[in-house]
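First up is the structure itself, then whatever we jot down about it.
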Amino acid sequence: MSRRKTVSHPLCARLYVKQSQAAETRGLADQRRRMLAGLAGEVVEIGAGNGLNFARYPQAVTLVHAFEPDPYLRERAARAADAAAVPVKLGDAAAEDLPLEDASVDSAVTSLVLCSVSEPRRAIAELHRVLRPGGELRFNEHVVSKRPVGRALQRTADATIWPTLSGGCHLARDTRTALEDGGFGIELVERFVFRVSALDPPKTHILGVARRL
Ligand SMILES: C[S@@+](CC[C@H](N)C(=O)[O-])C[C@H]1O[C@@H](n2cnc3c(N)ncnc32)[C@H](O)[C@@H]1O
């Protein structure tokens, strides 16, 4: 049975909108461009935030089913959807319960979201369900460090203050393994360190393409 999940972090959402502008100029805009290049057909985007991907979808995309559960961010995303060059249908849904039919979309996008959802494996199972067999998942996610000390610090932060300070974000998630366990084959992956500001911890990102097996 479906449970309605509430996601609302009014203060963190406002900070994200401010911080995200700076992040775009520091390299995130280019990451978005690389993540979305070559997409076509119908796409689902989970946790769309303030809609910063919308303007970067290629013309071959016929419809973006974008979902954002936080009301403040969804309102910003609605403005970005109106300004986008491709059609964007914006809805209120958590990644763990997508209101889409099985195998109904060609591609999926997850951009800095699987760190924040409360049940990442359930969100990945939903992406697997709504993607057609062979469909692509494009991702840009920060993940657990490979260095033992970094990993230990991330786990401590996740177990204490970090999720509260950052609207539910977790630093130590092994998203690549979770995708593989969830029935996706990783086809391309870039790994790099990205830091939004001096106040933000440096984070290892994985950006790439996975295919629904
Ligand atoms: C760091 S922001 C990233 C926003 C956007 N994807 C981007 O690339 O800028 C994390 C996003 O995950 C969303 N989020 C948190 N929990 C979620 C859930 N259970 N399902 C879907 N989105 C969720 C937040 O509301 C927020 O929009």
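Nothing in this text is a laboratory measurement; each read-out follows from the coordinates by a stated rule. This one's a predicted model, so the numbers in the text were calculated from it and none came from an experiment. Positions of Cβ are backbone-derived with ideal geometry, glycine not excepted, and every protein chain shown enters the neighbour counts.
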### Task
Identify all residues within the range 53-71 that are within 18 Å of A83 (Cβ to Cβ), buried (at least 22 other Cβ atoms within 10 Å of the Cβ) and within 11 Å of the ligand (Cβ to nearest atom); write none if there are none.
N53, F54, A66, E68
#### Entry: Members of the range 45-83 found to be among the aromatic types (F, W, Y) and under 20 Å from P99 (Cα atoms), listed by number
F54, F67
### Task
Identify, by number, the condition in (1) in contact (Cβ under 8 Å) with a residue 60 or more places away in the chain; (2) within 11 Å of the ligand (Cβ to nearest atom); (3) under 16 Å from D181 (Cα atoms) that V109 doesn't meet.
(3)
### Summary
Of the residues in the range 83-106, those that are more than 14 Å from the ligand (Cβ to nearest atom), in a loop (DSSP other than H, G, I, E, B) and touching a strand residue (DSSP E or B) at 6+ places or on another chain (Cβ under 6 Å) number 3
## Note on the structure
A48 meets each of (1) under 17 Å from the mean Cα position of the chain (by Cα); (2) farther than 19 Å from D82 by Cβ with one exception, condition (2)
### Message
Any residue at all in the range 24-34 that's more than 9 Å from the ligand (Cβ to nearest atom), among the hydroxyl-bearing types (S, T, Y) and over 14 Å from S111 (Cα atoms)?
### Response
yes
### Query
Only one of (1) part of a strand (DSSP E or B); (2) of a type in the set (D, E); (3) away from the ligand (no atom under 13 Å from the Cβ) fails for E45. Which number is that?
(3)
### Task
Looking only at the range 141-148, decide whether some residue is in contact with an Asp or Glu (Cβ under 8 Å, 6 or more places away or on another chain) and either within 16 Å of the ligand (Cβ to nearest atom) or within 24 Å of G27 (Cα to Cα) (or both).
yes
